[in-house]
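Structure first, commentary second.
The values are calculated or read from the model by the stated rules, or taken from the named source; none is laboratory data. Computed from a predicted model, the values in this text were never measured in an experiment. So basically every Cβ, Gly included, is an ideal-geometry build from the backbone, and we count neighbours across all protein chains shown. The protein model used for the area step is the full one, side chains on, heavy atoms only, and it has no ligands, DNA or RNA in it. Shrake-Rupley method; radii C 1.70, N 1.55, O 1.52, S 1.80 Å.
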Amino acid sequence: MYLVTLKQRDRRGDGDLGDEMLRSLSGISALAPFQRSGPSLLIGVPERAEDAVDATLRALRSHHWLVGLGVGSLYEPVPREAQYLQGTALGYAHTAVERSEHTGERIPLSVIGPDAAVAAEAEAVLRLLGQIVSTRSAAEWAVLDLLTPGVRGQQKHVAAELGISAQAVSKAVVRSAWVEEWAARPAAARLLRWIESPDAPSAL
């Protein structure tokens, strides 16, 4: 299972951003929905590896959160309230978010699980994706937030809605590496699944 812990980087300086982030994460399919677990801490249990990737990138987009992703077991049935969560994934996630505080200028993300080597590879891919999403401009996000991955013929509609040219939309998509991000997300999710899988290929 996948447990994501988010810690606000500077609550005193930025104010409480917890409710804003919870709204951003509310659409993610989860066994335990994202919720507060302390003044600066949010926690949630995404249902699938793909959902964990999505939650991670939404948090990294904002620049205000440290991200810890723990992959392991949780006592079942998984409770909806964070205070009742128990299992190795919880411990891994808490350790991961504390470790992410010491990444310096790098993307503040850490992944921990029973297979340390695969967890490190998943962390590396997620950091690359995090670098992509965290460096986009507000103008680029205005375009990307109106796009749906895998659907063709959207750019003219987005251009009309924003009152800009289709060429400007196309340039924003290319400049932001949006296609590359969505092409790489499945690789990150697969690595997360392999962290705890006994069938993970030895070539990894």
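Worth pointing out:
- Meets criteria (open to solvent by 20 Å² or more (accessible area, probe 1.4 Å), over 25 Å from residue 62 (Cβ atoms) and modelled with pLDDT of 95 or more) for residue 152: no
- None of 124, 172 is outside any loop (DSSP other than H, G, I, E, B) and in contact (Cβ under 8 Å) with a residue 12 or more places away in the chain except 172.
- Members of the stretch 98-121 found to be over 18 Å from residue 1 (Cα atoms), open to solvent by 20 Å² or more (accessible area, probe 1.4 Å) and part of a helix (DSSP H, G or I), listed by number: 98, 99, 101, 102
- Pairs, first more than 23 Å from residue 137 (Cβ to Cβ) in the stretch 41-64, second open to solvent by 40 Å² or more (accessible area, probe 1.4 Å) and of a type in the set (A, V, I, L, M), C-beta under 6 Å, six or more apart: 45/31; 47/31
- Long-range neighbours under 6 Å by Cβ, at least six apart or interchain, first residue over 19 Å from residue 1 (Cα atoms) and acidic (Asp, Glu) within the stretch 22-38, second open to solvent by less than 50 Å² (accessible area, probe 1.4 Å) and not in a strand (DSSP E or B): none
- Every condition in (1) within 25 Å of the chain's Cα centre (by Cα); (2) crowded, with 16+ Cβ neighbours inside 10 Å; (3) of a type outside the set (S, T, N, Q) is met by residue 175 except one, and the failing one is (2).
- Cβ pairs under 6 Å, 6+ apart, first in the stretch 70-84 and closer than 16 Å to residue 96 by Cα, second open to solvent by 60 Å² or more (accessible area, probe 1.4 Å) and part of a strand (DSSP E or B): none
Each row is one residue, and each column tells you yes or no for (1) open to solvent by 70 Å² or more (accessible area, probe 1.4 Å); (2) under 26 Å from residue 187 (Cβ atoms); (3) among the hydroxyl-bearing types (Ser, Thr, Tyr).
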| residue | (1), (2), (3) |
| --- | --- |
| 4 | no, yes, no |
| 8 | no, no, no |
| 19 | yes, no, no |
| 25 | no, yes, no |
| 31 | no, yes, no |
| 34 | no, yes, no |
| 41 | no, no, no |
| 45 | no, yes, no |
| 49 | no, yes, no |
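- Only one of the numbered conditions (1) within 16 Å of residue 58 (Cβ to Cβ); (2) open to solvent by less than 80 Å² (accessible area, probe 1.4 Å); (3) not in a loop (DSSP other than H, G, I, E, B); (4) not β-branched (Val, Ile, Thr) is not met by residue 147, and that is (3).
- Residues that are in contact with a strand residue (DSSP E or B) (Cβ under 6 Å, 6 or more places away or on another chain) and among the β-branched types (Val, Ile, Thr) do occur in the stretch 34-43.
- Any hit, the stretch 101-117, residues being closer than 16 Å to residue 62 by Cα and of a type in the set (Val, Ile, Thr): yes
- When the stretch 129-157 is filtered for residues that are touching a residue at least 24 places away in the same chain (Cβ under 8 Å), of a type in the set (Val, Ile, Thr) and under 20 Å from residue 108 (Cβ atoms), the ones remaining, listed by number, are 132, 133.
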